[in-house]
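Working notes for the structure below.
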Amino acid sequence: MTDRLDIMEIDTDSRYWRQQFLSLPFRLYRHVPQWVPPLAPDAALMLNRERHPFFRHSDAIFLLARRNDETIGRLAVLDNANYNAYNHERSAFFYLFECIDERAVALALFEHGFAWARRRGLEQMKGPRGLSALDGIGLLVEGFEHRPALGIPYNPAYYPALVEAAGFERLDDSLSGYLSTATKFPEKIHQVSELVQKRRGLRVVRFQTRRELLQLVPQLGDLYNNALGGTSGGVPLTADEVQAIANQILHYADPRLVKVVMKEDEAVGFLLAYPDVSAAVQRTGGHLWPVGWIDLLRELKRSKWVNINGAGIVAKYRGLGGMAILFSEMQKSLVEGGFEHADLVQISVSNDNMQRELRDLGVDFYKMHRQYARSL
């Protein structure tokens, strides 16, 4: 008699099934020193249909693969109505995929996800991609020996084969790069930045406190949405999503590392960086209470790594030296903060210009994540 494999949709109101879903990665990665667990409040929020802003406009299903009363795989499938309306698509997304190294288990999870998406009239599935703009995208396909930046996906090397066996093909790759403060930075970048600011009437706003940063959150949301500039593949943030992302970042943000480019009273560019606290998150297992906060706060002060997790400027300033301002502020953040290493996360391979410019600054691209797609 063979063991029976069951695929079930969990009741997200059930504490037991939420715990089964959230605890699986801790078993799969228990012997993987590079893995960084998610912060427990952020992971739990994704299954909270009352509190997560995603569920105010969209829906998702959370699946478990079970054998002999043991959880051996999981998968979330999303129907992001705002994304589909903005991009004129009928796409589902998969996310939070975790699985033992068995093709049959992965295929069973995806088949249940495909069926759910088809019943909703969706025509293709992409992923991995999460509920929030702050969620890292893709499966890791290169750089398994390196610890990921906080919030950026890490997975075993066998995951891409499981996903491809389910009929997915490569959609896009994104690169993460390493920059050392020991690398000689071109002084010309700072000179161009100063010149562009003077000629265009731009200024860089820096923050000292979280309160100052919170006051600008609505403008930053508008800036993110304006920076989409009609491009495909993005989705504007709602006011609730902007606030939720801000609250999430403030767990580990250093306000001094967030820079905003202003034109008079309008935000036209931004640089989001924060100290890497992954070592503390590993030690605490992602739990902030009751004493995890203490370790995290200590790591904020002693970390020699900084994660650069977002940079953008509205389209009309991109070809006028606006990116030089962001590059200049990036290097200043490293030096002024006393950091020695920077991880620049997830830049699409299709962005040839930015990759070339960053390589010229000394950035070594050393990790790659891949997004997949397949028709339904």
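The values are calculated or read from the model by the stated rules, or taken from the named source; none is laboratory data. Only a predicted model underlies this, so the values are computations on that prediction, with no experimental measurement involved. No Cβ is skipped: glycine too gets one built from the backbone with ideal geometry, and neighbour counts run over all protein chains shown.
Does any residue of segment 74-82 turn out to be charged (D, E, K, R), over 22 Å from SER375 (Cβ atoms) and touching a strand residue (DSSP E or B) at 6+ places or on another chain (Cβ under 8 Å)? Reasoning before the result, please.
Keep residues of segment 74-82 that are charged (D, E, K, R), which gives 74, 79.
Restricting the remaining residues to those that are over 22 Å from SER375 (Cβ atoms) gives 74.
Narrowing further to those that are touching a strand residue (DSSP E or B) at 6+ places or on another chain (Cβ under 8 Å): 74.
Yes, the conditions are met somewhere in segment 74-82.
Quick one: which of ILE152, ILE100, ILE137 is more than 23 Å from the chain's Cα centre (by Cα) and not charged (D, E, K, R)? Give the steps one after another, and end with the answer.
Working: ILE152 fails: more than 23 Å from the chain's Cα centre (by Cα); ILE137 fails: more than 23 Å from the chain's Cα centre (by Cα).
Within the list ILE152, ILE100, ILE137, the selection yields ILE100.
Which condition breaks for SER303 when tested against (1) farther than 23 Å from PRO275 by Cβ; (2) modelled with pLDDT of 85 or more; (3) not β-branched (Val, Ile, Thr)?
(1)
Just to be sure before I move on: is ASP42 modelled with pLDDT under 95 and on the phi > 0 side of the Ramachandran plot in the structure I sent? Break it down into steps so the answer makes sense when it comes.
Numbers: modelled with pLDDT under 95: yes; on the phi > 0 side of the Ramachandran plot: no.
It is false that ASP42 is modelled with pLDDT under 95 and on the phi > 0 side of the Ramachandran plot.
Mind counting the residues in segment 316-343 that are within 20 Å of ARG206 (Cβ to Cβ) and either among the small types (Gly, Ala, Ser) or touching a strand residue (DSSP E or B) at 6+ places or on another chain (Cβ under 7 Å) (or both)?
Within segment 316-343, residues that are within 20 Å of ARG206 (Cβ to Cβ) and either among the small types (Gly, Ala, Ser) or touching a strand residue (DSSP E or B) at 6+ places or on another chain (Cβ under 7 Å) (or both) number 16.
Just checking, does segment 350-373 include any residue being small (Gly, Ala, Ser), buried (at least 20 other Cβ atoms within 10 Å of the Cβ), touching a strand residue (DSSP E or B) at 6+ places or on another chain (Cβ under 8 Å) and touching a residue at least 40 places away in the same chain (Cβ under 8 Å)?
Within segment 350-373, the subset small (Gly, Ala, Ser) is 350, 362, 373.
When the remaining residues are screened for being buried (at least 20 other Cβ atoms within 10 Å of the Cβ), the result is none.
No, segment 350-373 has no match at all.
Could you please let me know if LEU376 is closer than 26 Å to ALA157 by Cα, surrounded by fewer than 22 Cβ atoms within 10 Å (Cβ to Cβ) and either touching a helix residue (DSSP H, G or I) at 6+ places or on another chain (Cβ under 6 Å) or modelled with pLDDT of 90 or more (or both)? Steps first, please.
Values: closer than 26 Å to ALA157 by Cα: yes; surrounded by fewer than 22 Cβ atoms within 10 Å (Cβ to Cβ): yes; either touching a helix residue (DSSP H, G or I) at 6+ places or on another chain (Cβ under 6 Å) or modelled with pLDDT of 90 or more (or both): yes.
It is true that LEU376 is closer than 26 Å to ALA157 by Cα, surrounded by fewer than 22 Cβ atoms within 10 Å (Cβ to Cβ) and either touching a helix residue (DSSP H, G or I) at 6+ places or on another chain (Cβ under 6 Å) or modelled with pLDDT of 90 or more (or both).
Of these, ASP295, ASP276, which one is surrounded by 14 or more Cβ atoms within 10 Å (Cβ to Cβ), touching a residue at least 40 places away in the same chain (Cβ under 8 Å) and within 27 Å of GLU212 (Cβ to Cβ)? It would help to see each step written out before you state the result.
Working: ASP295 fails: touching a residue at least 40 places away in the same chain (Cβ under 8 Å).
When all the criteria are applied, what remains is ASP276.
So which of ARG210, ARG147, ARG170 ends up being more than 17 Å from the chain's Cα centre (by Cα) and within 24 Å of TYR274 (Cα to Cα)?
Working: ARG147 fails: more than 17 Å from the chain's Cα centre (by Cα); ARG170 fails: within 24 Å of TYR274 (Cα to Cα).
After ruling out the rest, the residue left standing is ARG210.
Being in contact with a Ser or Thr (Cβ under 8 Å, 6 or more places away or on another chain) and buried (at least 17 other Cβ atoms within 10 Å of the Cβ) is the filter; apply it to segment 332-347 and report the residue that is farthest from ASP222 (Cα to Cα). I'd like the intermediate steps shown before the answer.
Filtering segment 332-347 down to residues in contact with a Ser or Thr (Cβ under 8 Å, 6 or more places away or on another chain) leaves 334-335, 339-347.
Adding the requirement that they be buried (at least 17 other Cβ atoms within 10 Å of the Cβ) leaves 334, 339, 342-347.
On the way: LEU334: 27, PHE339: 30, ALA342: 27, ASP343: 26, LEU344: 23, VAL345: 22, GLN346: 22, ILE347: 21 Å.
Checked segment 332-347; the qualifying residue farthest from ASP222 (Cα to Cα) is PHE339.
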